[in-house]
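The values are calculated or read from the model by the stated rules, or taken from the named source; none is laboratory data. Because the structure is a prediction, the values reported are computed rather than measured. Cβ coordinates were reconstructed from backbone atoms using ideal geometry, including for glycine residues, and neighbour counts include every protein chain displayed. Note: accessible area is taken over every heavy atom of the protein model, side chains too, but ligands, DNA and RNA are not part of it. Shrake-Rupley method; radii C 1.70, N 1.55, O 1.52, S 1.80 Å.
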Amino acid sequence: MNTAHSPEIAETVYRLDGPLRWALGEVQDLLRTVGAAPGQQVIDVGAGTGYAAVPAARAVGPQGSVHCVDGSPELLDVLAARAAREGVADRVTRTVGSVVPLPAADDSADLVISTYVLHELADDAPAAIAEMHRVLRPGGRVALADYRKTADKERNREIEAWYARQPDGAGPEEVHLRFSLGELEEMLRAAGFHRIELRTWHDFHVHATAEK
Ligand SMILES: C[S@@+](CC[C@H](N)C(=O)[O-])C[C@H]1O[C@@H](n2cnc3c(N)ncnc32)[C@H](O)[C@@H]1O
């Protein structure tokens, strides 16, 4: 962790960059499922410190590109440092900006990835998914990872209470398990996606892939 960051950003970097999180190989699974391949143009929506962007940059190789969009310049600085350390900086670009509207042209990406962002967007999630659809070329694919609301209300309460106790600023008002699988599928369908596939990952997480 870079101790030059403000305490708030340092906590966020600590949470996003936990070694267990990186060791689980989640993004590699997701990239394999969605068919990430050398030469692709990728947009990472809400890229943070590069949890998805760095593995994506490896998957697309030197002929590909990963355009990282995030509202936090500090987190994108951490991402850039990681990309340099891991030898993929040549294909990673970053834009400080909003996810609605996305700073990208229509039909410009082969692949859009977005991990653990939709729950933060809450009511803006449908608009963000519509933006992901807009920037994908026809036949392009989206890969999403996030928390999912399970059918077990007691389990949902336990998980939310655990997050509320964490020291990184997450409080009772921060809802992680915001969307059920059905709600996520409906948002993708409403945005115009088809070939939608959803799978649970480690109990209360969801991976979704779909095609424009
Ligand atoms: C929980 S973090 C996930 C980061 C990264 N994708 C990961 O999986 O580690 C959510 C990210 O979304 C970004 N974010 C949330 N709302 C945003 C918005 N409206 N516009 C741009 N970025 C946003 C935050 O700055 C943060 O980096």
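Out of R195, R134, which single residue is free of Cβ contacts under 8 Å to residues at least 60 places away in the same chain, part of a strand (DSSP E or B) and open to solvent by 30 Å² or more (accessible area, probe 1.4 Å)? Unique residue meeting the criteria: R195.
Each row is one residue, and each column tells you yes or no for (1) within 11 Å of the ligand (Cβ to nearest atom); (2) within 20 Å of T209 (Cβ to Cβ); (3) assigned to a helix (DSSP H, G or I).
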residue	(1), (2), (3)
D44	yes, yes, no
T49	yes, no, no
L75	yes, no, yes
G87	no, no, no
D90	no, no, yes
V100	yes, no, no
A105	no, no, no
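Matching residues to (1) open to solvent by less than 10 Å² (accessible area, probe 1.4 Å); (2) at pLDDT 95 or above; (3) of a type in the set (D, E, K, R); (4) under 13 Å from the mean Cα position of the chain (by Cα):
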| site | (1), (2), (3), (4) |
| --- | --- |
| R21 | no, no, yes, no |
| Y51 | no, yes, no, yes |
| R58 | no, yes, yes, no |
| L76 | yes, yes, no, no |
| A80 | no, yes, no, no |
| T115 | no, yes, no, yes |
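When the test is whether a residue is farther than 17 Å from G35 by Cβ, in contact with a Cys (Cβ under 8 Å, 6 or more places away or on another chain) and not β-branched (V, I, T), R94 passes it.
Kindly evaluate P126 against the criterion of being part of a loop (DSSP other than H, G, I, E, B), open to solvent by 40 Å² or more (accessible area, probe 1.4 Å) and under 29 Å from G64 (Cα atoms). Let's see the steps before the verdict.
Working: part of a loop (DSSP other than H, G, I, E, B): no; open to solvent by 40 Å² or more (accessible area, probe 1.4 Å): yes; under 29 Å from G64 (Cα atoms): yes.
Taking the combined requirement at face value, the residue does not satisfy it.
Do the conditions hold for E174, that is, is it among the acidic types (D, E), open to solvent by 40 Å² or more (accessible area, probe 1.4 Å) and in contact with a helix residue (DSSP H, G or I) (Cβ under 7 Å, 6 or more places away or on another chain)? Give the steps one after another, and end with the answer.
Working: among the acidic types (D, E): yes; open to solvent by 40 Å² or more (accessible area, probe 1.4 Å): yes; in contact with a helix residue (DSSP H, G or I) (Cβ under 7 Å, 6 or more places away or on another chain): yes.
For E174, the condition - among the acidic types (D, E), open to solvent by 40 Å² or more (accessible area, probe 1.4 Å) and in contact with a helix residue (DSSP H, G or I) (Cβ under 7 Å, 6 or more places away or on another chain) - is met.
Among the residues of the stretch 20-39, is any assigned to a loop (DSSP other than H, G, I, E, B) and polar (S, T, N, Q)? Scanning the stretch 20-39, I find no residue that is assigned to a loop (DSSP other than H, G, I, E, B) and polar (S, T, N, Q), so the answer is no.
Considering only residues that are near the ligand (Cβ under 7 Å from one of its atoms) and touching a Ser or Thr at 6+ places or on another chain (Cβ under 6 Å), which ones fall in the stretch 52-70? Reasoning before the result, please.
Here is the first cut: in the stretch 52-70, the residues near the ligand (Cβ under 7 Å from one of its atoms) are 52, 69-70.
Residues satisfying the conditions are A52, V69.
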